[in-house]
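The values are calculated or read from the model by the stated rules, or taken from the named source; none is laboratory data. Bear in mind that the values here come from a model prediction, so they are computed numbers and not experimental data. Virtual Cβ from ideal backbone geometry, glycine too; neighbours counted across all protein chains shown. What goes into the accessible areas is simple: the full protein's heavy atoms, side chains included, and nothing from ligands, DNA or RNA. Shrake-Rupley method; radii C 1.70, N 1.55, O 1.52, S 1.80 Å.
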Amino acid sequence: MYKRQLEYQSLKKLNTFGIDVTAKYFAEFSSINDIQEILSNSKFLNTKKLILGGGSNLLFTQNYDGLILKNNLKGIELVKQDADFYYVKSAAGEVWHEFVMHCIKHNYAGLENLSLIPGNVGASPMQNIGAYGVEIKDVFYELEAYNLADKTIRTFSKADCKFGYRESVFKHELKNKYIITSVTFKLFKTPQFNTSYGAIETELAAMGIIDKSIRAISKAVCNIRNSKLPNPAEIGNAGSFFKNPEVVRGKYEFLKIKYPTIVGYELENGNMKLAAGWLIEQTGWKGKILGDAGVHKLQALVLVNYGNAKGNEIYDLSTKVLESVKEKFGVELEREVNII
Ligand code: FAD
Ligand code: EPU
């Protein structure tokens, strides 16, 4: 039986920005039956709906005038294995980091670089979460999702998900059309250590690690993250507010002449990805505070709520940052956080 349906539920504790808004309708589901039961209520037929996981990649700019469906599907299962891989299926409502820790405990390798990312397993394919040289598309096998229109469950392969940098089909043509109910990962029996991302090797050395392990890499990633990303339990935020922009090489070369310290990485298509945090820092926004909204002092890519900022204040600050970067560098930043 799903959790009692509530009206005008506060969402303050259900979004990591800590924005004080309400949902007109709110219901929590722990099974497919719950979903069906909730949706069978005729009241919700033409009501807009939002699936909520950990609320760590959302910015509410107003009260939500619809139904929030909070995902509480639980369970982790080793569904099969072959000579090289474990296939591990997690229900969508599992907490991402706890799932990563479960995999590390059982020596299922491949998720260690993605330690400590907030949120739930079900949201991980939405934007193909990534960190420290790994994206979930690298270890993704398939997912199951409930179609809100025809009420069937569909299995999506990796190709079906159309993963890209912080992108998937669920952010575009299938936006708000499916509830992701489980995700299955194809994890290595023999670890493929990926420590190419600069700070990991340095951190492992500082930890005195000589023999690498998935546990040690996870710990190193946690240490690095804790040193520069604000903890939402202390300061409201949703991680990187913008994506790192992609520019053609010519544009990068042009900027490099004027700004020799610009940070950029070459992509497979020959284009360059610029570090948005660097661009923002150069505009002078890093550490700035407007009311209760601010640009974090250690990581300029992260916008923060120092207390009672309204969603619109954070949004307006993001517009100012965007405009400054555009004016100084002629580079268009794109918001990564879902604006509701
Ligand atoms: P929510 O914020 O609840 O939802 C995000 C979107 O997904 C919404 O549109 C929602 O409707 C939809 N959605 C959620 N669950 C489902 C579902 N089951 N079915 C269908 N749609 C669904 N991200 C990275 O990629 N890399 C990082 O390194 C990283 N670091 C972060 C650090 C901090 C401090 C914070 C606060 C965030 C960070 N993020 C990072 C962003 C965030 O953690 C991820 O995007 C995460 O996957 C969001 O999960 P969630 O459950 O909180 O999603
Ligand atoms: N930088 C600055 N100033 C800043 C911040 C960064 O100059 O204020 C420079 C750094 O010095 C470094 C470069 O920018 O040279 C990259 O910085 P960092 O390694 O901190 O990573 P990022 O590009 O800012 C991305 C992801 C993060 C992810 C990390 C680690 C995006 C939008 N962000 O940040 O993801 O954790 O790499 O892989 O791709 C998120 O999506 O919410 C998120 C936190």
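For residue 263 and residue 339, the difference between the fully extended length at 0.36 nm per residue and the C-alpha to C-alpha distance is 24.6 nm. When the listed pairs 49/137; 189/243; 137/219 are checked against a 29 Å cut-off, the alpha-carbon distance exceeds it for 189/243. As a length-normalised measure over Cα pairs under 8 Å and 6 or more apart, the relative contact order of the chain settles at 16 percent. Restricted to Cα atoms, segment 180-259 shows a radius of gyration and a Dmax of 17.8, 49 angstrom. Highest mean first, the peptides 323-335, 102-114 sorted by other C-beta atoms within 10 Å per residue fall in the order 102-114, 323-335. A 1.4 Å probe run over the protein chains yields, for segment 129-262, 50 Å² of accessible area per residue, whole-number rounding. Of the residues 229, 245, 172, the one whose Cα sits farthest towards the positive end of the charge dipole of segment 134-247 is 172 (charges of +1 on Lys and Arg Cβ, -1 on Asp and Glu Cβ, taken about the Cα centre). Counting only DSSP H runs of at least 4 residues, each contributing -39500 (n - 2.57), and dividing by the residue count of the chain, the helix-based mean residue ellipticity at 222 nm comes to -7000 deg cm²/dmol. Highest mean first, the peptides 86-99, 118-131, 248-261 sorted by other C-beta atoms within 10 Å per residue fall in the order 118-131, 86-99, 248-261.
Highest average first, the peptides 154-167, 304-317 ordered by how many other beta carbon atoms sit within 10 Å of their residues are 304-317, 154-167. Can you tell me the FRET efficiency between residue 290 and residue 32 if r is taken as the Cβ-Cβ distance and R0 is 41 Å, rounded to the nearest 0.05? So the FRET efficiency works out to roughly 0.40.
Using only alpha-carbon positions in segment 217-283, the gyration tensor eigenvalues give semi-axes of 28, 15, 11 Å once each is multiplied by 5 and square-rooted (largest first).
Placing unit charges on the Cβ atoms only, positive for Lys and Arg and negative for Asp and Glu, gives segment 225-275 a dipole magnitude near 120 debye about its Cα centre. Shown in residue order for segment 159-168 are the 3J(HN,Hα) couplings computed by the Karplus curve 6.51 cos²θ - 1.76 cosθ + 1.60 at θ = phi - 60°: 4, 4, 6, 6, 5, x, 5, 6, 9, 7 Hz (x for Gly and Pro). The alpha carbons of segment 151-301 stretch over 53, 44, 40 Å along the principal axes, in descending order. Computed from Cα atoms alone, the Kirkwood hydrodynamic radius reported for segment 293-340 is 11.4 Å. Run through the DSSP bridge list for the chain and note the antiparallel percent, rounded to the nearest 5. Rounded to the nearest five, the antiparallel share is 80 percent. Please report, to two decimal places, log10 I(q)/I(0) for segment 1-148 at q = 0.14, 0.16 Å⁻¹ as given by the Debye formula with identical point scatterers on the Cα atoms and no solvent. Each listed q corresponds, in turn, to -0.73, -0.92.
Computed log10 I(q)/I(0) for the chain at 0.08, 0.10, 0.11, 0.14 Å⁻¹: -0.40, -0.64, -0.78, -1.25, from the Debye equation with unit scatterers placed on every C-alpha and solvent omitted.
Cross-link pairs exceeding 27 Å between alpha carbons, from the set 70/171; 74/105; 177/251; 162/328; 12/288: 177/251; 162/328.
Remark: segment 296-303, residue by residue, has Karplus-estimated 3J(HN,Hα) of 4, 6, 9, 9, 5, 7, 9, 8 Hz, where x stands for each Gly or Pro and the curve is 6.51 cos²θ - 1.76 cosθ + 1.60 at θ = phi - 60°. Please give me, ordered by residue number, the trypsin sites (Lys or Arg not before Pro) of segment 1-82 that lie in loop per DSSP and have at most 16 other Cβ atoms within 10 Å. When the trypsin sites (Lys or Arg not before Pro) of segment 1-82 are filtered for loop state and at most 16 Cβ neighbours within 10 Å, 48, 74 remain.
Using every pair of separate Cα atoms, the Kirkwood estimate puts the hydrodynamic radius of segment 83-137 at 11.4 angstrom.
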